[in-house]
1. Of all residues in region 70-90, which are closer than 24 Å to ASP136 by Cα and either touching a residue at least 60 places away in the same chain (Cβ under 8 Å) or surrounded by fewer than 17 Cβ atoms within 10 Å (Cβ to Cβ) (or both)?
2. Among the residues of region 126-141 satisfying the criterion of being farther than 17 Å from TYR65 by Cα and in contact (Cβ under 8 Å) with a residue 60 or more places away in the chain, which is farthest from the chain's Cα centre (by Cα)?
3. Please go through region 39-48 and give me each residue that is assigned to a strand (DSSP E or B) and in contact with a helix residue (DSSP H, G or I) (Cβ under 6 Å, 6 or more places away or on another chain), ordered by number.
4. List pairs: first in region 43-69 and more than 30 Å from TYR140 (Cα to Cα), second among the β-branched types (Val, Ile, Thr), Cβ under 8 Å, 6+ apart or cross-chain?
5. Examine region 56-63 for a residue that is over 20 Å from LYS27 (Cα atoms) and hydroxyl-bearing (Ser, Thr, Tyr), and state whether such a residue exists.
6. Name the residue that is surrounded by the fewest Cβ atoms within 10 Å (Cβ to Cβ), counting only residues in region 116-125 that are of a type outside the set (Gly, Ala, Ser) and touching a strand residue (DSSP E or B) at 6+ places or on another chain (Cβ under 9 Å).
Amino acid sequence: MDEGYLADLSLLGASQINYPQNPEQAKLEAIPNQWPQHDYLVNLDCHEFTCLCPKTGQPDFAKLYITYIPKNHLIESKALKLYLFSFRNHGIFHEFVINKIATDLKNAIDPKFIQVFGDFMPRGGIAIRPVVQLGDRDLYKSLITTSLNTVKE
């Protein structure tokens with residue numbers, strides 16, 4: 001595969017990084033999928049996600065689990081890391097941030113399917129765990145069923 005696309009990546013390998021202060025400043029970068037004819041899952045786990053309560057300014061901590069089935073592009077992981085980091089000082093409700101992340105990733109890479117799950121630490125005794133799914137759920141279910149059956153064998 002022609003690796004000319006590497007020149008378009010501005011964050012990976014950069015000697016100096018300007019950390020985005022909010023999600024609108026962050027840049028999600030994509031790389032070409034070398035296997036677009038294959039249906040496969042990509043799982044990305046972020047165990048140190050933070051954002052702020054939009055009302056109180058108190059920090060909220062979560063583990064994020066992103067799963068997608070790529071079409072023609074994959075998300076570049078350093079760009080994703082910086083994008084997720086940009087929420088650190090951003091006031092947004094849990095349910096809204098999960099939907100924003102799913103929508104922004106969908107817009108960046110146009111996957112066949114994407115799921116974003118946020119496992120937020122309890123506040124006031126209540127844990128909020130929003131999940132959003134966009135795209136071909138039947139394809140996702142078939143891949144999950146196939147992989148679970150393979151593990152059992």
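Readers should treat all values here as calculations from the given coordinates under stated rules, not as data from a laboratory. All values derive from a computational prediction rather than experimental measurement. With ideal geometry, Cβ positions are generated from the backbone for all residues, glycine too; neighbour counts draw on all protein chains shown.
1. LYS71, ASN72, GLU76, SER77
2. Among them, the one singled out is LEU139.
3. Matches in region 39-48: CYS46 only.
4. So the pair list comes out as LEU52/ILE92; PRO54/ILE92; PRO59/THR50.
5. At the first step, the residues of region 56-63 found to be over 20 Å from LYS27 (Cα atoms) are 56-63.
Still in the list and also hydroxyl-bearing (Ser, Thr, Tyr): 56.
Looking through region 56-63, at least one residue is over 20 Å from LYS27 (Cα atoms) and hydroxyl-bearing (Ser, Thr, Tyr).
6. MET121
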